[in-house]
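In what follows, a single structure is set out as structure tokens and then discussed.
Here, each number is a calculation from the coordinates, and none is a lab measurement. Being a predicted model, the structure only gives us computed values, none of them experimental. As a convention, Cβ positions derive from the backbone with ideal geometry for all residues, glycine included, and neighbour counts pool all protein chains shown.
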Amino acid sequence: MKYFKQILVYAIPYKIYGVLNIISNIFYALFGTLAFVSLMPMLKVLFKTAEPITVKPSYESISKLGDYIEKSINYFITIKINTEGEMKALLFMIVIVISTFLLKNIFGYLAMYFITFLRNGVLKDVRNDLYEKTVDLPLAYFSEKRKGDIIARISTDVLEIQHSFLSILELIVREPLMILFTIIAMLALSPQLTLFVFIFIPIAGIVISLVGKKLKRQSDKVQKEQGLFLSILEETLGGLRVIKGFNAEGYFNSKFRESTSRFYRFSNSLLNRQNLASPLSEFLGIGVIAVLLWYGGSLVLVSKTLAPDAFIVFMGLAYNILTPAKAISKAAYGVKKGDAAAERVLEILHTTSPLSDKPNALVKEGFNSAISIENISFKYEDEYVLKDFSLEIPKGKTVAFVGQSGSGKSTIANLLTRFYDVNEGSIKIDGIDIRDITKKSLRSLQGLVSQDSILFNDSIKNNILLGISTKTEAEIMDAAKIANAHEFIDEMPNGYDSNIGDSGNKLSGGQKQRLSIARAVLKNPPIMILDEATSALDTESERLVQDALEKMMKNRTSVVIAHRLSTVQKADIIVVLLKGKIIEQGNHEELIAKNGVYTKLVEMQTL
């Protein structure tokens with residue numbers, strides 16, 4: 001339970017519900033025992049076995065507690081029959097029995113009522129923290145993890161933890177108390193018979209623990225496999241057009257079936273082992289009940305040391321132990337499953353982000369002079385993408401990076417936005433290392449337009465407003481006009497309130513890119529980073545987008561990662577990269593005059 005204990009910290013804000021649940025469970029267990037004990041006076045009236053006692057008995061010692069209780073019941077019945085008659089006495093006893101069962105169920109409901117708030121509160125807080133942590137973790141973390149696995153942890157694993165909360169509170173409070181109170185009542189009725197109950201509990205515990213040993217490992221397999229088939233589903237939905245285009249439905253169907261078949265086998269093994277707990281504990285219990293019937297029957301019929309009514313109540317109490325014993329065994333399984341789920345959830349929550357803000361990180365509020373890239377080296381895995389790379393980007397200038405695929409162009413955009421940290425060297429804004437600046441304030445200085453227009457299943461207005469809540473309708477419209485997007489937005493059925501579908505699928509590539517530009521324009525940052533913003537567009541869309549980009553880049557410091565060289569001819573500085581190193585640098589005319597690598601790239605694209 002080492003992982004599960006760490007999750008219990010989330011229960012602290014809801015501890016009042018936990019306390020109320022425990023109090024309700026105490027009364028539930030108490031009235032659950034009294035409900036059976038209260039049958040005894042009624043049986044005595046029915047069987048007329050109550051010994052007439054007219055003098056109130058006095059308590060002598062704990063060893064004679066059973067005699068004291070029996071004499072007290074007989075005294076109560078004698079007085080009741082003498083004053084009100086047998087039928088009224090019986091009716092009174094029935095009311096007591098019904099009342100105790102009613103109170104037991106009321107407190108049982110209250111226990112469940114209070115625990116609901118605690119369980120759902122923990123569920124909400126763990127999910128919120130998981131989501132917050134997921135958003136905070138660096139991009140490098142997700143290159144190693146399947147998205148479906150993370151979705152499974154936030155959904156099904158957290159739900160498993162929530163169900164386990166009910167189990168653990170039953171395990172700690174309600175069921176042990178029910179067993180304790182029942183055993184006290186049984187000891188009071190017959191210490192000899194009660195000895196057999198103490199044989200049942202340890203035997204059941206040993207057998208059930210043997211069955212449950214592999215449960216956590218099997219539960220972990222089930223949860224991992226669930227993450228795998230959710231990943232396949234997520235990839236399928238994201239790449240459905242390619243799957244259909246390449247007639248790959250059969251391959252993905254086969255892949256998904258293999259995963260669900262493994263899930264089927266693991267789930268069967270897990271549930272069959274889990275389901276074994278209840279019949280096992282019940283069978284062991286019935287075995288003890290059979291011995292009790294034989295031994296208790298001999299006490300009633302042969303030695304006559306036990307009254308028939310006391311024996312009936314005792315048997316009811318003995319059977320009453322079976323239910324909590326079964327619940328404890330089930331709860332123990334639930335806790336094991338919950339612990340496996342908690343381990344997977346905590347793996348994300350305890351992951352330390354290498355990009356976390358320093359404790360004394362600076363909040364940078366403006367951009368004054370230059371971006372300095374000083375002798376940086378960076379690698380994603382083993383091979384360096386950039387090596388000893390240096391460049392100065394003055395304020396107000398447009399710097400474009402060009403080169404073949406894999407030359408390190410997009411890596412520069414990732415490092416400037418601090419999606420990754422450099423391995424060596426430093427990147428500075430106004431002489432301050434960006435690692436000494438809070439991520440939030442660094443990114444508030446930057447606008448990003450990427451090759452893939454990342455849009456969300458929401459209205460056009462909310463997609464443009466992303467992360468900003470203080471802009472007016474007029475400002476949103478102005479940003480759309482600068483991005484050449486206002487015209488097509490105005491033609492949509494609900495204008496700026498039109499929903500654009502999942503990932504903006506209701507829009508064309510050019511329209512999506514212009515919305516991305518409008519979003520960056522509305523943010524109005526001093527530094528603009530354009531990562532191959534026109535590479536995926538047709539000629540007409542490129543013209544509109546390029547015009548929007550030029551309007552947006554006026555009076556700003558712009559870093560342009562370009563694949564199409566036609567988009568960078570007006571840049572102040574063009575940097576030509578090859579295998580992470582600068583091989584040429586200058587404006588368009590200067591580089592053409594050199595007749596080097598840049599000239600060859602231009603000629604290839606022109607051809």
Protection proxy ranking of 261-270, 226-235, 173-182 - average other beta-carbon atoms within 10 Å, highest first: 173-182, 226-235, 261-270
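Let me know the charge dipole size of the chain about its Cα centre in debye, to the nearest 20, where only the beta-carbon of Lys, Arg (+1) and Asp, Glu (-1) is charged.
So the magnitude is around 1700 debye.
Under the classification rounded if a/c is under 1.5, otherwise prolate if a/b is larger than b/c and oblate if not, where does the chain fall, given a ≥ b ≥ c as square roots of the Cα gyration tensor eigenvalues?
Since a/c reaches 1.5 and a/b is larger than b/c, the shape of the chain is classed as prolate.
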Ranked list, fewest to most other Cβ atoms within 10 Å of each Cβ, for His350, His163, His588: His350, His163, His588
Ser441-Ser58 pseudo-label distance in nm [points 7 Å out on the Cα-to-Cβ vector]: 8.3 nm
Unsatisfied cross-links (Cα-Cα over 29 Å) in the set Lys133/Lys523; Lys397/Lys579; Lys2/Lys104; Lys147/Lys440; Lys379/Lys461: Lys2/Lys104; Lys379/Lys461
Exposure proxy ranking, count of Cβ atoms within 10 Å, fewest first, for Val135, Val422: Val135, Val422
Mean ellipticity per residue at 222 nm, deg cm²/dmol - from DSSP H runs of n ≥ 4 across the chain, formula -39500 (n - 2.57): -20500 deg cm²/dmol
Extension gain, Asp430 back to Leu159 (0.36 nm per residue minus Cα-Cα distance, nm): 92.8 nm
Helix 86-136 vs. the chain, principal-axis angle (Cα, 0 to 90°, nearest 10): 20 degrees
Extreme residue, positive dipole direction of the range 370-606, given options Ile412, Ser426, Gln605 (C-beta unit charges): Ser426
Between helix 175-189 and the chain: long-axis angle, C-alpha atoms, 0 to 90°, nearest 10: 10 degrees
Simple spin-label estimate for Glu381 and Ser369 in nanometres, 7 Å along Cα-Cβ: 4.1 nm
Fully extended contour minus Cα-Cα distance, from Asn120 to Ser72, at 0.36 nm per residue: 12.6 nm
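Relative to the present Cα-Cα distance, how much length would full extension add between Ile12 and Ser298 at 0.36 nm per residue of separation?
97.7 nm
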Assigned charges on the beta-carbon of Lys, Arg, Asp, Glu; the range 370-606 dipole about Cα centre (debye): 360 debye
Under 19 Å from the Tyr113 label point (7 Å along Cα→beta-carbon), backbone N, the range 2-33: 14-32
